[in-house]
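Each remark here refers to the structure printed beneath this line.
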Protein chains: 4
Amino acid sequence: MIVIMEHGAQREQIAEIVERVQSSGLSAHIIEGEERTIIGVVGTPLPPTLQENLEILPGVVEVVRVSTKFKLAGWDFHPQKTVFAVTPQDAPPGTPPVVIGGQDVVVIAGPCSVESADQLLTTARAVHAAGATVLRGGAYKPRTSPYEFRGLGERGLELLAEARAETGLAIITEVMTPADVELVGRYTDIFQIGARNAQNYLLLEEVGKAGKPVMLKRGLSMLIEEWILAAEYVMAQGNPQVILCERGIRTYETATRNTLDVSAVPVVQKLSHLPVFVDPSHAAGKRAFVGALSLAGVAAGADGLMIEAHPSPDHALSDGAQSLSLEEFAGWMPRISAVASAVGRALPVPSGVEA
Amino acid sequence: MIVIMEHGAQREQIAEIVERVQSSGLSAHIIEGEERTIIGVVGTPLPPTLQENLEILPGVVEVVRVSTKFKLAGWDFHPQKTVFAVTPQDAPPGTPPVVIGGQDVVVIAGPCSVESADQLLTTARAVHAAGATVLRGGAYKPRTSPYEFRGLGERGLELLAEARAETGLAIITEVMTPADVELVGRYTDIFQIGARNAQNYLLLEEVGKAGKPVMLKRGLSMLIEEWILAAEYVMAQGNPQVILCERGIRTYETATRNTLDVSAVPVVQKLSHLPVFVDPSHAAGKRAFVGALSLAGVAAGADGLMIEAHPSPDHALSDGAQSLSLEEFAGWMPRISAVASAVGRALPVPSGVEA
Amino acid sequence: MIVIMEHGAQREQIAEIVERVQSSGLSAHIIEGEERTIIGVVGTPLPPTLQENLEILPGVVEVVRVSTKFKLAGWDFHPQKTVFAVTPQDAPPGTPPVVIGGQDVVVIAGPCSVESADQLLTTARAVHAAGATVLRGGAYKPRTSPYEFRGLGERGLELLAEARAETGLAIITEVMTPADVELVGRYTDIFQIGARNAQNYLLLEEVGKAGKPVMLKRGLSMLIEEWILAAEYVMAQGNPQVILCERGIRTYETATRNTLDVSAVPVVQKLSHLPVFVDPSHAAGKRAFVGALSLAGVAAGADGLMIEAHPSPDHALSDGAQSLSLEEFAGWMPRISAVASAVGRALPVPSGVEA
Amino acid sequence: MIVIMEHGAQREQIAEIVERVQSSGLSAHIIEGEERTIIGVVGTPLPPTLQENLEILPGVVEVVRVSTKFKLAGWDFHPQKTVFAVTPQDAPPGTPPVVIGGQDVVVIAGPCSVESADQLLTTARAVHAAGATVLRGGAYKPRTSPYEFRGLGERGLELLAEARAETGLAIITEVMTPADVELVGRYTDIFQIGARNAQNYLLLEEVGKAGKPVMLKRGLSMLIEEWILAAEYVMAQGNPQVILCERGIRTYETATRNTLDVSAVPVVQKLSHLPVFVDPSHAAGKRAFVGALSLAGVAAGADGLMIEAHPSPDHALSDGAQSLSLEEFAGWMPRISAVASAVGRALPVPSGVEA
């Protein structure tokens, strides 16, 4: 930690800092510059409140934190990239596991909400045939207004399990509150934490305890640092299987629903060993842009994509405007696969699927 | 609802819209402009998904919603401003209720976290003496990193109740998860929903059912419209006693922790009858700016303020950098009171309190 | 300057930094922490590119700048607040100067654009009668689209001068390009630099040379630090009479045209001795909110306001939606004056003006 | 144009709108909905101020504009994509023109600033050998602080011309002010308008008149719509050869210098026929991320890239932190080329250049 003093800070003000540092069992190194004095703080452990408590002492301009904030998600103490396999529960015999963070780019696809057996099965078959290996579908939906469709609940989970049993796709679905973790965990292969719950810390801890992989959507205005700290909440419960998913941030631009922060992919990869996915559908908000953003995400190095697809987007009960039709989805897959190959990854697409 | 067609949209595309509208039991009015055709949609109820489902039909540029989204929080069906009284539970006999949304500007003050009996009582006495009528203090703290102080839990609630019993201050404290609503509700007079939980809809519904006043902090990047819709979640459970609290939004500017959106005060007042408060402490993030923002909030028309104060900010376990000392708090109160008077409100400050 | 090294940075990497620092004529102080090494850089002058050139050396995490960036606008070498008087050119004998940065809050008012002699004179008389001391009016208008009204040019300047000659109001008007500085300077008392030109550095230098006061609107997404550096451009030409004007920044919120960053007032006052004004009209974008934001700006400590007023806002050639009518303006002035008094300032309003 | 009235708007308020519309020579169509009345406005030309003047009439909630704002840059009246060839002035005989907007992805590369003959020529040879076809280099540099390096001026232009004469690369350089257009135009093949000048309308018009291609960087917080309107300023002077260049927007995230809005590529392509480029260097601000963003930009469909490269980034006089070394640049080119091929474009890279 480094304490930067004001131009003209007084001797006693500096002494006060030194005393506070030493009384915390740390040592203080003073560097007198031409314009300002700075004080280096050395030692461990740093009391968590030391920074803000020093910041308000008279004569202090700023306190800069030097040590890493990521004990589990950062590279410092975990120098290998996280790779893990998800084996779909109760899947047909011979179904291969889905490897996350490995050589293959993983595509998750499916409707925003599970609406019916027919809707879900039709979608599952089509996205499976096109090369997706994980099926998404919301059974519990957070909605901005209380007057909108909020999901089928457990019936939705059952339908997801049925689709998995038939197709062998792994499934991912959102859990919204700690009390639902046990129930959702009985069905899902991967927990999804939505953007609105990205800092719902009790929920993060609860899925951390549940021992299944967790995908953390980035909050709407979350710093990348805060997002990785949210992953620390899950990991601190003993669960290292965390996926970060960039899904667009809120900016002033209104031409898209959110602004896809595609730079988050290489930034996360520099700061953390966790796999990082891109959700082009929520970022774009309009299906006309979903394809281009999928290609951009894979080109930037994403380990996977999460794409909304629906048999009839203009009749969807939620997020129809950003869902691809099943034909559109199948049309984009070979193009995504081509970009994956161009950047040294792979996305196997069953033969017969054509752009 | 209005559907705006592309320049050169085809006759069949327009017919498709009209058919979709009519099959929803609504009527469609076509206006042919020089450049574009627009279609007015009339009737109720509007299916909640109609807008996005029309938006993706070929030939459509945009669908504009016309009807209000706020059934309970808006003025349309509730033309009086919301005013309600909070009577501190188990307060000393003769303690007057705190009237929210009335003529008086209400000041909530106290530490970020409840740390000890001594810290809390010292604060409660001082802020009471300076004119505050509600005591804040966190017993359950959401923290960005899992390695920081997270509050005293129920012991914190007990200490709040003790401070209330002595001073007669009403109390407000944050509840973070639905499972805690019953416990927190046994102690608190007002539930606080924090910015990170502003779209935790199950929590909003749970406090809605609890039947005590609720203060909704604005989410870090929440549109004012979304914030009022969050209030709808609480109100739809039969609880009309909701306070909206502006606490700064996230922008590109880093000189302050957040950017106080002081315009939110008059904007909320135009859209809703609910009372609106300002939290200058979380907005500023630095105590040097808290006083000026308090004055600005009251001048803009806020019904109240929520200010962090601590006996020894440089030893606080959380948010010390933005806490006023008790002397600073007492020093600002007469100045806030003077501005309240200047805008036709009142903030009674006990005699003997001086700037 | 402080160089923060990676956890595990190598000895040679540290040596490379030290060498680069020393070869710039500076000295390097190494502090070895438990997790990281940091290097303090001491001496002057700092080569302007040193920071970014060190940042990309291997093993470096971050380089933190310590010394101030504001040589002229900051408090370090100019410990008095800037106060200056503007004497309206060719004003009626006995017209008092307008003191900027002093005890009195200064109100600038007038139409967005100068449209006609009648419109301008009517406005000038009315705002003068209500207590404004400076008249605004655009003769050269930057417009987002090339197909909109762009001002009367020199004829507009003449009309401003006529209004000044009659009323004694000082005048302020925008200059858009270096080539116009001489012409505009022949008429205006204060140059206005618009938000779109806030980083038009050649224009800043040109008005710096012209030797008349300059008001710098904050750019739409300008950091406060960048804004003060823009003032340095003007001041570095020998012109210390600079006013900073907060006029709203661009954020994700769309309920207002821009988001008034009212915190900018105390933040600027902490960083700089220059006077700071608030423009509530461009911030709000809707006249319903202009009054409340005016009060908030003054309460926060602004040295002045800039308010758009027009005899007939619904017939204005630009920005009608955010202009007050002359009656509305006169109605707000006593309320603004009351808030000014409440915060220890003054805004003299002629008797007979009532809210 | 559509006027949306308040719930409960009065008959006279509606009549006032209709009268205002008709007195502008337009016709008004009233649609009475269950909750609100809306009024469709039909006819041309729309007076430019009609929208904002109607917006402030009593009873009006909102006025929605329907007709396109882009007369020249939009698809409505120009249904072919813009493609044009740039022939480097005084280039060696046989030098092929650079085709912008065609099948090939165009790479512009070079240093932030022209610093010396040696620096520029070394760079020019290297980027040419790696497959770039346009050389960038600033002779006039806008800098946030007045105390930084501001370019070599005309000497920089001469050096660019020398590098072109030797290599056959076309050149692009920034022009900062209308008075410099003639001089810069004598040397450059393409004018660059920087982000800070994106709404410097007089400069836009001046380069519009100069009759050479113009690249418009997107302003730091410019809406895509405003950016295309800036292109209209250039085009309205008779110059159709405009390139839009996305270079990152300002958001709350600080891990990168700016946030690359990669969605801007498909959004611009939907709204306009103009070619769109991506500048990954200014977006990232750190060279570690430049490669990934280059790939993302091309994958999203960009017509070209603008990349900073320098023989010795850690000695650069500006923007060293975001410059690739010449070896790094050569290393990324084949990877960019592979992605270009994957999305059906081409980026010919001379043989012998390897990743």
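The values are calculated or read from the model by the stated rules, or taken from the named source; none is laboratory data. Bear in mind the structure is a predicted one, so any value in this text is a computation, not a measurement. Cβ coordinates were reconstructed from backbone atoms using ideal geometry, including for glycine residues, and neighbour counts include every protein chain displayed. The protein model used for the area step is the full one, side chains on, heavy atoms only, and it has no ligands, DNA or RNA in it. Shrake-Rupley method; radii C 1.70, N 1.55, O 1.52, S 1.80 Å.
Compute the FRET efficiency between D:Glu148 and C:Glu327 as 1/(1 + (r/R0)^6), taking r as their Cβ-Cβ distance and R0 = 51 Å, and round to the nearest 0.05. Given R0 = 51 Å and the Cβ-Cβ separation, E is 0.55. For segment B:35-66 versus segment C:235-269, the spacing of their alpha-carbon centroids is 39 Å.
Highest mobility in the GNM of chain A, judged by mean-square fluctuation with C-alpha springs under 10 Å and restricted to A:Val106, A:Val60, A:Val234, is found for A:Val60. At a cut-off of 30 Å², which residues of segment D:194-208 become less accessible once all protein chains are present than in their chain alone, using a 1.4 Å probe? When all protein chains are present, D:Arg196, D:Gln199, D:Asn200, D:Tyr201, D:Leu202 each give up 30 Å² or more of accessible surface. In order along segment C:319-335, phi translates into HN-Hα couplings of 6, x, 5, 9, 8, 7, 6, 5, 5, 4, 4, 4, x, 7, 4, x, 6 Hz, rounded to whole numbers, per the Karplus curve 6.51 cos²θ - 1.76 cosθ + 1.60 with θ = phi - 60° and x for Gly and Pro.
Nearest 100 Å² is fine: what is the total accessible surface buried where chains B and A meet, probe 1.4 Å? Could you put the intermediate results ahead of the total?
Working: alone 15870 and 15890 Å², together 27580 Å².
That pair hides around 4200 Å² of surface in total.
Surface composition of segment B:274-355: carbon plus sulfur atoms hold 54% of the accessible area, using a 1.4 angstrom probe and ignoring ligands, DNA and RNA.
Within the full protein context, the accessible area of A:Cys112 is estimated at about 0 Å² for a probe radius of 1.4 Å. The listed residues A:Thr44, A:Thr167 rank as A:Thr44, A:Thr167 when sorted by accessible area, largest first, using a 1.4 Å probe.
Across the identical copies, the label point of B:Ala117 (7 Å from Cα in the Cβ direction) is separated from its matches by 6.3, 8.3, 8.5 nm, in order from shortest. Phi-derived couplings, Karplus 6.51 cos²θ - 1.76 cosθ + 1.60 at θ = phi - 60°, listed residue by residue for segment D:300-316: 6, x, 4, 7, x, 10, 10, 10, 7, 9, 8, x, 8, x, 7, 10, 5 Hz, with x used for Gly and Pro.
Counting heavy atoms of the protein chains only and a 1.4 Å probe, report the per residue accessible area for the protein assembly as shown as a whole number of Å². The partial results should precede the final answer.
Working: 45510 Å² over 1420 residues.
Heavy-atom SASA per residue in the protein assembly as shown reads 32 Å².
Distances between copies at D:Val83, taken between label points 7 Å from Cα along the C-beta direction, are 4.3, 6.9, 7.2 nm in increasing order. Protein heavy-atom surface of segment C:44-97, 1.4 angstrom probe: 58% of the accessible area is carbon and sulfur, with nucleic acids and ligands not counted. Across C:Ala195, C:Ala170, C:Ala117, mean-square fluctuation computed from a Gaussian network of chain C (C-alpha pairs under 10 Å connected) peaks at C:Ala117.
How much of the DSSP bridge set in the protein assembly as shown is antiparallel, in percent, rounded to the nearest 5? Mind dumping the intermediate values first?
Numbers: 74 of 190 bridges.
Here the antiparallel bridges make up roughly 40 percent for the protein assembly as shown.
The convex hull defined by the C-alpha atoms of segment C:170-209 has an orientation-averaged projected area of 2.5 nm².
What sits nearest the axis between copies B and A, counting only chain B Cβ atoms, is the residue and whole-Å distance B:Ser221, 2. Gyration tensor analysis over the Cα atoms of chain C returns equivalent ellipsoid semi-axes of 44, 20, 19 Å (largest first, whole Å). Return P(r) of segment C:1-73 (all Cα-Cα pairs; 5 Å bins starting at 0; whole %; ordered from short to long distances). Calculated P(r), rounded to whole percents: 3, 16, 31, 25, 13, 7, 3, 1, 0. Normalised Debye scattering of segment C:196-355 at q = 0.09, 0.11, 0.17, 0.20 Å⁻¹ gives log10 I(q)/I(0) of -0.31, -0.46, -1.04, -1.27, counting only Cα atoms as equal scatterers and leaving out solvent. In segment D:253-281, comparing the full protein assembly with the chain on its own, the residues that lose 20 Å² or more of accessible surface at a 1.4 Å probe are D:Glu253, D:Thr254, D:Ala255, D:Thr256, D:Thr259, D:Leu260, D:Asp261, D:Val262, D:Ser263, D:Pro266, D:Val267, D:Lys270. Taking amide H atoms as placed 1.01 Å from N in the peptide plane, the amide H of C:Gly304 lies under 5 Å from those of C:Val106, C:Val278, each 5 or more residues away in sequence or on another chain. The alpha carbons of the protein assembly as shown stretch over 82, 76, 72 Å along the principal axes, in descending order. Per-residue 3J(HN,Hα) values for segment B:9-26, derived from phi via the Karplus relation 6.51 cos²θ - 1.76 cosθ + 1.60 with θ = phi - 60°, read 5, 8, 3, 6, 5, 5, 4, 4, 4, 4, 5, 4, 5, 5, 6, 8, x, 10 Hz in sequence order (x marks Gly and Pro).
For chain C, the number of Lys pairs separated by eight or more positions or lying on different chains, with C-alpha atoms closer than 29 Å, is 23. Close amide-amide hydrogen proximity is noted between D:Cys245 and D:Leu216, D:Lys217, D:Arg218, D:Phe277, each under 5 Å apart and 5 or more residues distant or on a separate chain (H modeled in the peptide plane; Pro and chain starts excluded).
Expected output is a single nm value to one decimal: the length gained when fully extending between C:Ser67 and C:Glu35, i.e. 0.36 nm times separation in residues minus the C-alpha distance. What is it? Could the numbers behind the result be given before it?
On the way: separation 32, 0.36 × 32 = 11.52 nm, distance 2.56 nm.
Extra length from C:Ser67 to C:Glu35 when fully extended: 9.0 nm.
Of all the options A:Gln192, A:Gln119, A:Gln241, the one that moves most in a Gaussian network model of chain A with Cα springs shorter than 10 angstrom is A:Gln119. Sorted shortest first, the distances from the A:Gly43 label point to those of the same residue in the other copies are 3.2, 7.6, 8.1 nm; each point sits 7 Å from Cα along Cα-to-Cβ.
At a threshold of 30 Å², the residues of segment D:21-56 that become less accessible to a 1.4 Å probe in the full protein assembly than in their chain on its own are D:Ile31, D:Glu34, D:Glu35, D:Arg36, D:Ile38, D:Val42, D:Thr44, D:Pro48, D:Thr49, D:Glu52, D:Asn53, D:Ile56.
Ratio of Rg to Rh for segment D:178-247, alpha carbon only, Kirkwood? Answer for segment D:178-247: 0.93. Each residue, A:Lys209 and C:Leu57, gets one label point 7 Å from its Cα in the Cβ direction; the gap between the two is 5.0 nm.
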